[in-house]
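One structure below.
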Amino acid sequence: MPAILYVGDAWSASWSICGWLACRLADLEVEVKSIFLYRSETKGEIKAVSPSGKLPVLLDGETVIWDSMAIAEYLWELNPQGHIWPHDFAARCHARCIAAEVHREFEEVRVAMPMNLVKRWPIRNGLPSIDTRMNGPGVKGGREGVRQGLLRMEEIWRDCREKYGAGGPYLFGAQYNFVDALFAPMVSRFVTYDVKAADDVAPYIGVNMDYPPMQEWMARAESDAEVVGREVAMAFP
Ligand SMILES: N[C@@H](CCC(=O)N[C@@H](CS)C(=O)NCC(=O)O)C(=O)O
């Protein structure tokens, strides 16, 4: 029996993409089940399968693994020949530093610019025009805090591409890995909100978005938006 991966609405569930892409990178066959996030029964449905009450969660036989990062590490344990992390030791150490930072930081960007794969926001002064979000709770430093977060991401991409990217278009070269997956929801925000990245790193945004499994997820986002109702997706955030 294949493992089961529970994910949220594909158009807005930013951590679910990471868990789903991780399964692809490890070549794990999974049955993907959606729990729609904005319904009265959502909390109970998630809690019934995920101890943290969050998605994604992977049910592999008797083993329950929750949290996108833990799912990636579990998959790496199962299949170190897969592509969760780079195979070179130094590159893998660097990858884990970035993964830890992306997983823990960038709260300002997450809160001020929620992921929405089916919507486009207008821009003002180089940042999205959602003032209520930009200056709302959880966004330290307001617009400037958001700008700093985006600049730090660009710095990570630049540094990683310079050090490890020579062999191909991804952060670690020819092979897309879990670090690229963690940035998938982030690059999508640059697209949704039409944020201009610096010229030297801007191509990475398109490269990450064009990764074929990401395009598959985008198709899922469109169909999930139809299921919940496009007006619901368009009203978010
Ligand atoms: N750190 C967690 C974050 C998980 C998370 O916040 N997931 C969202 C959906 S993508 C969720 O379950 N939201 C429902 C809720 O908070 O009630 C991870 O990496 O998996």
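The values are calculated or read from the model by the stated rules, or taken from the named source; none is laboratory data. Remember, it's a predicted structure, so these values are computed and weren't measured experimentally. Because the Cβ atoms are built from the backbone with ideal geometry, glycine has one as well, and the counts that use them run over all protein chains shown. Please note that ligands, DNA and RNA were not included when accessible areas were found on the heavy atoms of the full protein model with its side chains. Shrake-Rupley method; radii C 1.70, N 1.55, O 1.52, S 1.80 Å.
Using Cβ point charges alone (K and R +1, D and E -1), the dipole size of the range 3-83 about the Cα centre works out to roughly 360 debye.
Once you order the gyration tensor axes a ≥ b ≥ c over the Cα atoms, which shape class does the range 1-63 get: rounded for a/c under 1.5, otherwise prolate or oblate by comparing a/b with b/c? Oblate, because a/c is 1.5 or more while a/b does not exceed b/c. Considering only ASP180, ASP199, ASP131, the mean-square fluctuation computed in a Gaussian network model of the chain, springs between alpha carbons under 10 angstrom, is largest for ASP199. Rounded to the nearest 20 debye, the dipole size of the range 89-215 about its Cα centre is 280 debye, using +1 on the Cβ of Lys and Arg and -1 on the Cβ of Asp and Glu. Ignoring lysines fewer than eight residues from LYS47 along the same chain, the ones with Cα atoms less than 24 angstrom from its Cα are LYS33. Taking all Cα pairs closer than 8 Å and separated by 6 or more residues, the relative contact order of the chain comes to 23 percent.
Annotation: per residue accessible area for the chain equals 45 Å², rounded to a whole number [probe 1.4 Å, protein chains only]. Loop-located trypsin sites (Lys or Arg not before Pro) across the range 189-223 with a Cβ neighbour count of 13 or fewer within 10 Å are LYS196, with loop assigned by DSSP. Volume per residue of the convex hull around the Cα atoms, evaluated for the range 95-182, comes out as 109 Å³. With a/c under 1.5 counting as rounded, go ahead and sort the range 181-237 into rounded, prolate or oblate using the C-alpha gyration tensor (a ≥ b ≥ c being the square roots of the eigenvalues; past the cut-off, prolate if a/b is larger than b/c, else oblate). Oblate, because a/c is 1.5 or more while a/b does not exceed b/c. For the chain, the average shadow cast by the Cα convex hull is 12.7 nm², which is a quarter of the hull's surface. For VAL57, the residues whose modelled amide H falls within less than 5 Å of its own, excluding neighbours fewer than 5 places apart on the same chain, are TYR6.
For the range 3-83, the share of DSSP beta bridges that are antiparallel, to the nearest 5, is 60%. When exposed loop sites are taken as GluC sites (Glu not before Pro) in a DSSP loop with at most 14 other Cβ atoms within 10 Å, the longest stretch of the chain clear of them is 106-237.
Full extension of the chain between ILE123 and ALA90 gives 8.0 nm of extra length, using 0.36 nm per residue less the Cα-Cα distance. Protein heavy-atom surface of the chain, 1.4 angstrom probe: 55% of the accessible area is carbon and sulfur, with nucleic acids and ligands not counted.
What does the charge add up to near GLU107, with Lys and Arg as +1, Asp and Glu as -1, over the other residues with Cβ less than 15 Å from its Cβ?
+4
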